[in-house]
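*Asks:* Below: one structure in structure tokens.
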Protein chains: 4
Amino acid sequence: MKTAVVGATGYAGAELTRLLLRHPRVCAPLLLSRQGECATELASPLDGSMLPLLPFSWKLLQEREIELLFLATPHEVSRQWVPEALRRGLRVVDLSGAWRLRNPEYRAVYPFKENGAEEDGITACAVYGIPELRRNELPEAQLVANPGCYPTSVILALAPLLSRGLVDLSQGIVCDCKSGVSGAGKKPTAQTHFVETAENFRAYAAFTHRHTGEILEQLELEPEQLTFSAHLLPIRRGILSSIYVRLNRSLTDNAVETCLREFYGGSRFVRVFRPPRLPEIQFVAHTNFCDLGWMLAPDGVRLMIVSCIDNLVKGAAGQAVQNMNLMCGWSECEGLLQ
Amino acid sequence: MKTAVVGATGYAGAELTRLLLRHPRVCAPLLLSRQGECATELASPLDGSMLPLLPFSWKLLQEREIELLFLATPHEVSRQWVPEALRRGLRVVDLSGAWRLRNPEYRAVYPFKENGAEEDGITACAVYGIPELRRNELPEAQLVANPGCYPTSVILALAPLLSRGLVDLSQGIVCDCKSGVSGAGKKPTAQTHFVETAENFRAYAAFTHRHTGEILEQLELEPEQLTFSAHLLPIRRGILSSIYVRLNRSLTDNAVETCLREFYGGSRFVRVFRPPRLPEIQFVAHTNFCDLGWMLAPDGVRLMIVSCIDNLVKGAAGQAVQNMNLMCGWSECEGLLQ
Amino acid sequence: MKTAVVGATGYAGAELTRLLLRHPRVCAPLLLSRQGECATELASPLDGSMLPLLPFSWKLLQEREIELLFLATPHEVSRQWVPEALRRGLRVVDLSGAWRLRNPEYRAVYPFKENGAEEDGITACAVYGIPELRRNELPEAQLVANPGCYPTSVILALAPLLSRGLVDLSQGIVCDCKSGVSGAGKKPTAQTHFVETAENFRAYAAFTHRHTGEILEQLELEPEQLTFSAHLLPIRRGILSSIYVRLNRSLTDNAVETCLREFYGGSRFVRVFRPPRLPEIQFVAHTNFCDLGWMLAPDGVRLMIVSCIDNLVKGAAGQAVQNMNLMCGWSECEGLLQ
Amino acid sequence: MKTAVVGATGYAGAELTRLLLRHPRVCAPLLLSRQGECATELASPLDGSMLPLLPFSWKLLQEREIELLFLATPHEVSRQWVPEALRRGLRVVDLSGAWRLRNPEYRAVYPFKENGAEEDGITACAVYGIPELRRNELPEAQLVANPGCYPTSVILALAPLLSRGLVDLSQGIVCDCKSGVSGAGKKPTAQTHFVETAENFRAYAAFTHRHTGEILEQLELEPEQLTFSAHLLPIRRGILSSIYVRLNRSLTDNAVETCLREFYGGSRFVRVFRPPRLPEIQFVAHTNFCDLGWMLAPDGVRLMIVSCIDNLVKGAAGQAVQNMNLMCGWSECEGLLQ
């Protein structure tokens, strides 16, 4: 199949390029730069050879007979380009936050000029691309909104318990999440400077992080039921989320394990760890796995879930490829198990 | 004053030695090794010069006219030596967990043969050495149980709000704590191997960590009211605790700030950060400060407190020196502000 | 093809297992433990699933019809087992230093009881498995001595210039080499403790490192012509060697480039970087590439070569697979380009 | 004494401010910003309290009766301001490269408009401030050119052997130097981004680094006698230089030790390590020490010297304070031994 990637110079875009280059069912992707970028080639994330980087144009997409367009672009760009792409019959996987949210209040964290009816229709049709929960909607999807990295780790951890009604929602759920520095993007800033990050650790957002709405909407929670905070780890990649819930009734490790395993029975990329084994970031680095583990209090009611992903793979590019696989009717693992 | 340190080869003991060597009111400490250690000297943590390391004996303590004994030893050793030390009229600051706990149930995490009435008396007299909360008890203390590192960060964060009755205890308090690797001790293990720790992050205990009882006892909480978890950061030193509480009523940032500043008005080593400023581990590394900051949810009811210390300084050796300062009637800052 | 790996619990052995598991032309390898190891299974380095680990026995090798045996074992074990393996008709790739050296003086750094004529014969037949230099000897090899990590990076950097007679050997060659911590092995030691390694850097051997003889022998240099030193980097994997030579006559960048490119024309795994581009460890991490770059002094006579490999891949397991590929008549890239 | 610091927002300037704040013989320094900087205060590097940052003006210096001016500024600024400062009778310690070099060819690496005779006079009077070699010139110095970080580590390592004529200069000296990231400055760039630096290592300059001339001039070497290369370590601070020389005659460890110890007999900040002990960056971090160690080849002729400093202390701010101490007739250790 023929694909194109806009934004291959960023971290998620480069990871996506790497995955597509070694994918057995797609050609080498067409790499496109947005206006203003002056680079004309890019070192291949696979083997370092130089790949051409061409200026984006609809004409070029047409000439190259591109069928699937990946947007690893700022949300404003995605918001602007997707309507035209859909009109031209392209399928799109958008890695930005532009089309993830239906609740307009939550969407306010991604400011852009709303254009009216056509966009409302697109929003309504966009599939939130977390395959473990939306597997059936993907084959027909024309637009997939690829989830945020933190939401992926949190939603996959909580969905089984919530769907079974096991969580006491009168008590708040706490999601204490930690991410590696690539989550902050490639642009050099004071926050990503090595000297400010190494041998350091800090919290940088709670209550107001723009991924909050995504979690609330997907898990159908009210704002006051969820506390979500974000911290910056002195590592390059990976997210570990520590999630605290109170259960409706006392459970055993066996019951928790059953709940998770049944929910994710057909999901190759979710791995369940039974105590005392716990997920670690090193186990998921450079993979598309989401590892889930937990610890239960002696009372059987307080539960801590540990969820690990690689923010650039399952939290971005790998999940985008997994979505593409399902959109195309292939095995969801294609090209994702090394 | 004349002091001795047992356990100067460990990380906390070395930090303590460094602080005592540059302390303006104490002589160079007598460094003592426990039976079985064969080293006879030790590189000074201050300037690298070689310092003598002598085998521990009560006779030597007497000859050198030691007045204050620091024990940076396993809890079994502290449990065994402290009664004799007190009988001999020595004052003791014990950095282990041996004498921190009164509740026998909590104390069970530090297994040792209990010896009866004398020990009960000692336990009853031991002062839990967190100067910001026990400043008045320290001048008379003969035995100070120096707090654990995690409890120091959590207790200092929660004490002001709890003492003012601002926390809704019907909702659980969650303490998600992260520590640098020196907290795991100097002994090489698979867990402290560089390759297993760098570019990694993991949770390693929840509900059962042996520091839990210490927090509960000091804050007078019931076990089910507190969830405490521990994680390992790929840094050498420092703790950041993220603490989540629900307040009894909606507060403003001003109210939270007032509460913290009033509580710690006379405490030189607690620094309060007002949002949007937040503590970071780099700000407290190599210092005796405990930095406190917070974020309030828009509802004013959900509160995240961020607490940072250096686990080897405020979480161990620095606090031991601070305790010594108060035991001796000196300024608590003596020797601790570089 | 059917292969077995002894030593899969170490870092090089685990990397080798990972590569064999995804290799298109070999079955899942039989994983064998040496006497004394009590583990009975091993987490797959590929996907974390549990793999059986069986006690080594010659009978088991026979039953499973193993054709190629990989030894990721201490040199004493390799020295002891290889003669029997060869008698039984197995082909062997040995990752230890046991069979790399012909000069008995150099071999003295790997102490073992020499057993006489049979071993002399084996030593004489063993092929030093650096495919870029010995490609023609590998198809017939029964025993391949897989090179050390430092020697791989140094030999590949120097071979082109030395073979063309461009180096002034009256001036010493200096090889200042730096390795990540996995090169020190998996055993926890004071040297591999995170706290002693992070935010630190140290030299640990010069003139006496046991890889020195290997470099001398392969490049046919005299001891006084080569200074080789080793340093420990606070990273998990990768080697960068900075190599300083004086040339016989002034060269241009073009001439150096031609020399390297001609020498490695058919070598897929050696990549040549022209100034101002220089190799970095991140470009070779997790790959089988050896990247070579250089800087020339304005005089055109003093040359610094920079050589980067991943010590666990091109410096150990990847090179072992590359050797296997050539022993079996396959493309040397099979299974090594992701 | 009254001092002012221009450039306190950079890494070296902040370290200098920290040292001056705790120095027993100077007042809290006046912190000055250059035109264009809009910050009006600065977190104290000592305890985090806010310090005023005032716009630079000659008038302000006069009003505050500043006696000694520290310039932690780009070399162009130093070049421009120093003549006026000297005319006004101020003493100056300049941390830039502006006034370090007398040889106009070497000085070309610091481009600025040369202004003629007055500047020639200043250059001629400026003292290169490496106290161990120029102790006698400092008491009278009006302008001290504080050395570069790499040159400090290299010059201190080589001066004893060269001054005794022990080095065979017909063979090139190789200085393979590695620095932590703070050496690259505080400005966020692609090179200082955490993701590009952690788990990585790279060479970035050889033969052309602008510190080369400084080493040549101070050690009175010809360009072809010295190869100097620079590498970037994934640590925050510290330099380790590996220096390779050929001796004129075979020496013993005792002879090398004697040479170093005699040369640095009165120098408190140079520590000599005898083999097998070797300097490590962690031993000098946050100190003003320069640690020297070595390894001799069995031939006694090839020598590797290892030299460690903290690039921000002995390589910048600490040395500046040491120079100030000597300029003022105080002990050179004042304020520098914690």
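The values are calculated or read from the model by the stated rules, or taken from the named source; none is laboratory data. No experiment lies behind these values; they were computed from the predicted model shown. A quick note on method: Cβ atoms are made from the backbone with ideal geometry, for glycine too, and the neighbour counts reach across all protein chains shown. Note: accessible area is taken over every heavy atom of the protein model, side chains too, but ligands, DNA and RNA are not part of it. Shrake-Rupley method; radii C 1.70, N 1.55, O 1.52, S 1.80 Å.
*Asks:* Ignore the peptide's own chain and count Cβ atoms of other chains within 10 Å of each Cβ in C:298-310; give me the average, rounded. Let's see the in-between values first.
*Replies:* Numbers: counts 4, 3, 0, 2, 8, 3, 9, 1, 5, 0, 3, 0, 0.
Per-residue shielding by partner chains comes out at 3.
*Asks:* Okay, moving on. Placing a label point 7 Å from Cα toward Cβ, how far apart in nm is C:Lys187 from its equivalents in the other copies, listed shortest first to one decimal?
*Replies:* Computed spacing set for this position: 1.8, 4.9, 5.1 nm.
*Asks:* Using a Debye calculation, one point per C-alpha and no hydration shell, please list log10 I(q)/I(0) for the range B:1-110 at q = 0.19, 0.20, 0.22 Å⁻¹ in order.
*Replies:* Result of the Debye calculation: -0.97, -1.07, -1.25.
*Asks:* Beyond a 31 Å Cα-Cα separation, which of these cross-linked pairs lie in this structure: C:Lys2/C:Lys186; B:Lys59/B:Lys186; A:Lys178/C:Lys314?
*Replies:* Details: C:Lys2/C:Lys186 27 Å; B:Lys59/B:Lys186 29 Å; A:Lys178/C:Lys314 33 Å.
As for pairs spanning more than 31 Å Cα to Cα, those are A:Lys178/C:Lys314.
*Asks:* Next question. Out of the DSSP beta bridges found with both residues in chain A, what percent are antiparallel (nearest 5)? Could the numbers behind the result be given before it?
*Replies:* On the way: 28 of 56 bridges.
Bridges in chain A that DSSP calls antiparallel: roughly 50 percent.
*Asks:* Under 5 Å between amide hydrogens, which residues at least 5 positions from C:Phe228 or on another chain qualify, with H placed 1.01 Å from N in the peptide plane?
*Replies:* Correct list: C:Cys175, C:Phe207.
*Asks:* Write down Rg/Rh for the range C:202-338, rounded to two decimals, with Rg from the C-alpha atoms and Rh from the Kirkwood relation over Cα pairs.
*Replies:* Working: Rg = 16.0 Å, Rh = 16.4 Å.
In the range C:202-338, Rg relative to Rh is 0.97.
*Asks:* I'm checking a number: the convex hull volume of the Cα atoms of the protein assembly as shown, normalised per residue, in Å³. What is it?
*Replies:* Values: hull volume 261.2 nm³, N = 1352.
Convex hull volume per residue, Cα atoms: 193 Å³.
*Asks:* So if I average 1/r over every pair of distinct C-alpha atoms in the range C:203-283 and take the inverse, what Kirkwood radius in Å does that give?
*Replies:* 15.4
*Asks:* Could you give each residue of the range B:293-310 its phi-based ³J(HN,Hα) in whole Hz, using Karplus coefficients 6.51, -1.76, 1.60 with θ = phi - 60°, and x for Gly or Pro?
*Replies:* x, 7, 9, 9, 5, x, 6, x, 10, 8, 10, 10, 9, 10, 10, 10, 9, 8
*Asks:* Run the Debye formula on the Cα coordinates of the range C:284-329, all scatterers equal and no solvent, and tell me log10 I(q)/I(0) at q = 0.18, 0.24 1/Å.
*Replies:* -0.61, -0.78
*Asks:* Further question on the same structure: Peptide A:175-181: average number of partner chain Cβ atoms within 10 Å per residue?
*Replies:* 5
*Asks:* Here is a follow-up. Residue by residue, what Karplus-based ³J(HN,Hα) values in Hz, rounded to whole numbers, does the range D:116-126 have, using 6.51, -1.76 and 1.60 with θ = phi - 60° and x for Gly and Pro?
*Replies:* Whole-Hz 3J(HN,Hα) from phi for the range D:116-126: x, 4, 4, 5, 4, x, 5, 3, 5, 8, 4.
*Asks:* If you don't mind, there's one more thing I want to ask. Quick one: work out the % antiparallel among DSSP beta bridges in the range D:149-312, nearest 5. All intermediate terms of the calculation are to be shown ahead of the outcome.
*Replies:* Values: 25 of 35 bridges.
If we restrict to bridges inside the range D:149-312, about 70 percent are antiparallel.
*Asks:* For a quick check: with amide H placed at 1.01 Å from N, whose amide H comes under 5 Å from B:Arg271's, ignoring anything fewer than 5 positions away on the same chain?
*Replies:* Under 5 Å from the amide H of B:Arg271 lie the amide H atoms of B:Cys290, B:Asp291, B:Leu292, each far enough along the sequence or on another chain.
*Asks:* If you put a point 7 Å past Cα along the Cβ direction, how far is that point for A:Arg274 from the same point in each other copy, in nm, smallest first?
*Replies:* Relative to the other copies, A:Arg274 has label-point distances of 5.4, 6.0, 6.0 nm.
*Asks:* Using the Karplus equation 6.51 cos²θ - 1.76 cosθ + 1.60 (θ = phi - 60°), what ³J(HN,Hα) coupling, rounded to whole Hz, does each residue of the range A:188-193 give in order, writing x for Gly and Pro?
*Replies:* Each residue of the range A:188-193 in turn: x, 9, 4, 6, 9, 4 Hz.
*Asks:* Could you list the square roots of 5 times each eigenvalue of the Cα gyration tensor of the range C:230-274, that is, the equivalent ellipsoid semi-axes, sorted largest first and rounded to whole Å? Let's see the in-between values first.
*Replies:* Numbers: eigenvalues 130, 59, 12 Å².
Over the Cα atoms of the range C:230-274, the ellipsoid semi-axes are 25, 17, 8 Å.
*Asks:* Considering every residue in B:241-253, what mean count of other chain Cβ atoms within 10 Å of its Cβ is obtained? Provide the component values of the computation, followed by the final result.
*Replies:* Working: counts 0, 8, 1, 8, 1, 4, 0, 0, 0, 0, 0, 0, 0.
Shielding by partners across B:241-253 averages 2.
*Asks:* Could I ask something else about it? Which residue in chain B puts its Cβ closest to the axis that rotates chain B onto chain C, and at what distance in whole Å?
*Replies:* Measuring from each Cβ to the axis, the minimum is at B:Pro188, 2.
*Asks:* Distances from B:Asn136 to the same residue in each other copy, label points 7 Å out along Cα→Cβ, in nm, shortest first?
*Replies:* From this label point to the equivalent ones elsewhere in the assembly: 6.6, 6.7, 9.3 nm.
*Asks:* Same structure again: Given chain D, what whole percent of its Cα pairs are spread farther than 33 Å?
*Replies:* Numbers: 14257 of 56953 pairs.
Cα-Cα pairs of chain D separated by over 33 Å account for 25 percent.
*Asks:* Nearest 10 degrees, 0 to 90: what angle lies between the long axis of helix B:75-87 and the longest principal axis of chain B (Cα atoms)?
*Replies:* Its long axis makes an angle of about 60 degrees.
*Asks:* Also, I was wondering about something else. Counting only C-alpha contacts under 8 Å and six or more residues apart, can you give the relative contact order of the range C:149-312 as a whole percent? Present the calculation step by step, with values, prior to reporting the outcome.
*Replies:* Values: 327 pairs, mean separation 50.4, N = 164.
Computed value for the range C:149-312: 31 percent relative contact order.
*Asks:* Shifting gears a bit: Putting +1 on Lys and Arg Cβ atoms and -1 on Asp and Glu Cβ atoms, find which of C:Asn200, C:Ser307, C:Leu166 reaches farthest to the positive end of the dipole of the range C:149-312.
*Replies:* Value: C:Asn200.
*Asks:* Counting just the Cα atoms, what span does the range D:52-193 cover along each of its three principal axes? Round to the nearest Å and put the largest first.
*Replies:* Principal extents (largest minus smallest coordinate, Cα): 54, 42, 28 Å.
*Asks:* For a quick check: with amide H placed at 1.01 Å from N, whose amide H comes under 5 Å from C:Ala43's, ignoring anything fewer than 5 positions away on the same chain?
*Replies:* Amide H neighbours of C:Ala43: C:Leu51.
*Asks:* Please check: in the Gaussian network model of chain A (C-alpha springs, under 10 Å), which one of A:Val109, A:Val82, A:Val93 has the largest mean-square fluctuation.
*Replies:* A:Val109
*Asks:* Students sometimes get this wrong: rank D:Ser57, B:Ser163, A:Ser307 by accessible area, probe 1.4 Å, all chains present, largest first.
*Replies:* Numbers: D:Ser57 40, B:Ser163 80, A:Ser307 0 Å².
Listed by decreasing accessible area, they come as B:Ser163, D:Ser57, A:Ser307.
*Asks:* What do you get for Rg/Rh over the range D:137-258 if you use C-alpha atoms and the Kirkwood form of Rh? Spell out each step's value before the answer.
*Replies:* On the way: Rg = 16.5 Å, Rh = 16.1 Å.
Here the Rg-to-Rh quotient is 1.03.
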